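In what follows, a single structure is set out as structure tokens and then discussed.
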Amino acid sequence: MNIGSHMDLIKNQIGENRREDIRKEQAAIDFEELFARHLVKEMTKDSFQMSDNSGGFGQSNEIYREFITDALAGELAAQRRLGMADLVSEYWGQTEGSDKKGQLR
């Protein structure tokens, strides 16, 4: 029995588990950013209206609005102030526990 090969297997398993945790965490943050983007877009939909949408100002106004929306959503998601990423992570933690017991929620 080679202990070195068992140690390599354990290290690979720990590494794979850690990579999976990182992927789940990133997915939770991405979901929060998506939610924040939708929230900010709805909150600012009337803020960038111009009385005269003719010409190039209407299009540049929309680009400016998208830039502001993305910046605010990214900042909200990075701070995790909305709590959506925490809820997703908590849900995954609960389902992993029930999957290990053989129970699906």
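Read-outs: derived from the displayed coordinates by stated rules, not from any lab. Quick caveat: nothing in here was measured; it's all calculated off a predicted structure. When we count neighbours, we look across all protein chains shown, and the Cβ atoms used for this are built from the backbone with ideal geometry, even at glycine.
Would you mind ranking Ser47, Ser89 so that the residue whose beta carbon has the fewest other beta carbons within 10 Å leads the list? Could you put the intermediate results ahead of the total?
Numbers: Ser47 8, Ser89 18.
Lowest count first: Ser47, Ser89.
Using per-residue counts of other Cβ atoms within 10 Å, averaged over each peptide, order 30-41, 74-85, 12-23 from highest down.
Working: 30-41: 17.6, 74-85: 15.5, 12-23: 10.2.
The packing order, highest mean first, is 30-41, 74-85, 12-23.
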